[in-house]
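A.B. asks: Before we start, here is the structure in question, set down as structure tokens.
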Amino acid sequence: MSTIQRESVADEVLDAVAEAVPRVREGLRGRRETVGSENASGDDQKAADVWADKHLADRITEIEGVGEFVSEERDAVVDCGSGLSVALDPLDGSSNLESNNLMGTIVAVYEDDLPARGRSLVGAAYVLYGPIATMVSAVDGTVTEHEIVDGERRPIERDMAIPADPTVYGFGGRTPEWNPEFAEYAGEIESELKLRYGGSLVGDVNQVIGYGGVFCYPALQSRPEGKLRLQFEGNPMAYIVESAGGRSSDGERSLLDVDPERIHQRVPLHIGNEELIDRLESKVER
Ligand code: FBP
């Protein structure tokens with residue numbers, strides 16, 4: 001596949017996700033309860049997780065040029081032809097459904113077979129189900145914010161760049177569980193920036209892209225591998241933030257350079273302005 005063909009398949013995947021947004025959003029009502037099952041990562045599934053997964057998977061696997069599909073809600077990769085590989089988090093932050101707070105959908109389109117390195121991403125995007133449904137996409141190094149109107153992407157800001165002067169931070173995990181090095185970094189940041197933590201990766205990273213700053217879900221003492229998943233969350237969000245001029249890190253290197261071993265592999269995640277991630281790396285060693 002040529003670069004142009006790859007980017008055109010990635011665009012079709014993002015269009016299919018945008019097209020599904022009104023139905024996914026509508027379908028959240030009445031699907032806020034857990035269904036008594038766990039996904040491949042051991043999280044309790046909500047009816048909305050299962051429903052959104054099926055709705056989006058049906059559309060994405062039909063696209064010509066998509067060869068593999070997997071989602072955070074599925075154990076195994078679906079073989080659906082030949083071409084690019086799509087990893088989907090159908091509803092990221094779905095524990096926020098109960099309290100009716102922000103949530104998102106994250107999609108990653110890789111050139112390589114899954115599990116794939118972030119460097120093989122052709123495009124990535126997240127949908128934010130906020131007061132307005134928006135999509136922020138990165139394809140070919142260009143980050144664009146769209147409003148989603150009747151299932152169509154309408155660009156409102158092209159060539160988004162993370163503001164040079166950072167304002168906000170959000171850190172996940174309980175503070176007694178942080179490693180001492182991360183706690184020291186957090187102490188510095190807390191005295192410099194303003195706390196904004198909402199409990200959904202999409203909402204929290206979207207604020208970092210909009211205002212500048214840093215979001216971390218670090219390694220915890222009970223979870224040295226971190227909470228968030230590399231294929232579905234770490235890589236696509238890192239790709240978007242790095243395309244907007246920011247940086248990402250697992251503590252040592254860009255998330256995009258982490259070698260994946262498993263589909264549902266977790267990773268400590270640190271994302272934000274370059275200077276803030278450089279400082280993080282100088283304090284935290286994995
Ligand atoms: P899910 O994919 O299970 O929703 O978990 C991901 C997530 O909700 C992220 O969106 C968010 O950054 C994080 O977990 C919040 O974790 P916590 O509840 O520990 O603050």
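A.B. asks: Which residue is nearest to the ligand (Cβ to nearest atom), if the candidates are limited to the stretch 195-218 and must be in contact (Cβ under 8 Å) with a residue 60 or more places away in the chain, farther than 30 Å from ASP113 by Cβ and among the aliphatic types (A, V, I, L, M)?
C.D. replies: In this case the residue turns out to be VAL208.
Yes/no matrix, rows are residues, columns are (1) within 16 Å of the ligand (Cβ to nearest atom); (2) among the polar types (S, T, N, Q):
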| residue | (1), (2) |
| --- | --- |
| ARG25 | no, no |
| ASP43 | yes, no |
| LYS54 | no, no |
| ASP58 | no, no |
| THR105 | yes, yes |
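A.B. asks: Oh, and also: In this structure, is VAL139 more than 27 Å from ASN96 (Cα to Cα) and either of a type in the set (A, V, I, L, M, F, W, C) or within 13 Å of the ligand (Cβ to nearest atom) (or both)?
C.D. replies: So VAL139 passes the test.
A.B. asks: So which of GLU64, GLU98, GLU73 ends up being within 16 Å of the ligand (Cβ to nearest atom), surrounded by fewer than 18 Cβ atoms within 10 Å (Cβ to Cβ) and either of a type outside the set (A, V, I, L, M) or modelled with pLDDT under 95 (or both)?
C.D. replies: GLU98
A.B. asks: At least 2 residues that are touching an Asp or Glu at 6+ places or on another chain (Cβ under 7 Å) in each: list the strands (runs of 3 or more DSSP E) lying fully within the stretch 128-185 that qualify.
C.D. replies: Result: 133-139, 142-149, 152-157.
Residues are listed down the side, and each one gets a yes or a no for (1) over 16 Å from VAL107 (Cβ atoms); (2) free of Cβ contacts under 8 Å to residues at least 40 places away in the same chain; (3) in contact with a helix residue (DSSP H, G or I) (Cβ under 9 Å, 6 or more places away or on another chain); (4) charged (D, E, K, R):
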site: ALA10; (1), (2), (3), (4): no, no, no, no
site: VAL13; (1), (2), (3), (4): no, no, yes, no
site: VAL21; (1), (2), (3), (4): no, no, no, no
site: GLY30; (1), (2), (3), (4): yes, yes, yes, no
site: VAL50; (1), (2), (3), (4): yes, yes, no, no
site: LEU56; (1), (2), (3), (4): no, no, yes, no
site: ARG59; (1), (2), (3), (4): no, no, yes, yes
site: VAL66; (1), (2), (3), (4): no, no, yes, no
site: ASP75; (1), (2), (3), (4): yes, yes, no, yes
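A.B. asks: While we're on this one: For residues in the stretch 125-143 being out of contact with any Ser or Thr (no Cβ under 7 Å at 6 or more places or on another chain) and small (Gly, Ala, Ser), which is surrounded by the most Cβ atoms within 10 Å (Cβ to Cβ)?
C.D. replies: ALA133
A.B. asks: Another question, then. GLU181 versus (1) within 13 Å of the ligand (Cβ to nearest atom); (2) surrounded by fewer than 20 Cβ atoms within 10 Å (Cβ to Cβ): which is the lone unmet condition?
C.D. replies: GLU181 satisfies all of (1) within 13 Å of the ligand (Cβ to nearest atom); (2) surrounded by fewer than 20 Cβ atoms within 10 Å (Cβ to Cβ) except (1).
A.B. asks: Also, quick follow-up: Please go through the stretch 193-220 and pick out each residue that is in contact with a Phe, Trp or Tyr (Cβ under 8 Å, 6 or more places away or on another chain) and part of a loop (DSSP other than H, G, I, E, B).
C.D. replies: Of everything in the stretch 193-220, those that are in contact with a Phe, Trp or Tyr (Cβ under 8 Å, 6 or more places away or on another chain) and part of a loop (DSSP other than H, G, I, E, B) turn out to be LEU193, ARG196, TYR197, PRO218, ALA219.
A.B. asks: Next question. So GLN221 passes all but one of these: (1) more than 13 Å from the chain's Cα centre (by Cα); (2) within 15 Å of ASN96 (Cβ to Cβ); (3) more than 8 Å from the ligand (Cβ to nearest atom). Which condition number does it fail?
C.D. replies: Result: GLN221 passes all but (2).
A.B. asks: In addition: Kindly evaluate ASP113 against the criterion of being surrounded by fewer than 19 Cβ atoms within 10 Å (Cβ to Cβ), touching a Ser or Thr at 6+ places or on another chain (Cβ under 9 Å) and part of a loop (DSSP other than H, G, I, E, B).
C.D. replies: yes
A.B. asks: If I filter the stretch 250-265 for residues that are more than 21 Å from ALA87 (Cβ to Cβ) and surrounded by 24 or more Cβ atoms within 10 Å (Cβ to Cβ), do I get at least one hit?
C.D. replies: no
The values are calculated or read from the model by the stated rules, or taken from the named source; none is laboratory data. Small disclaimer: the values here were computed from a predicted structure and weren't measured. Because the Cβ atoms are built from the backbone with ideal geometry, glycine has one as well, and the counts that use them run over all protein chains shown.
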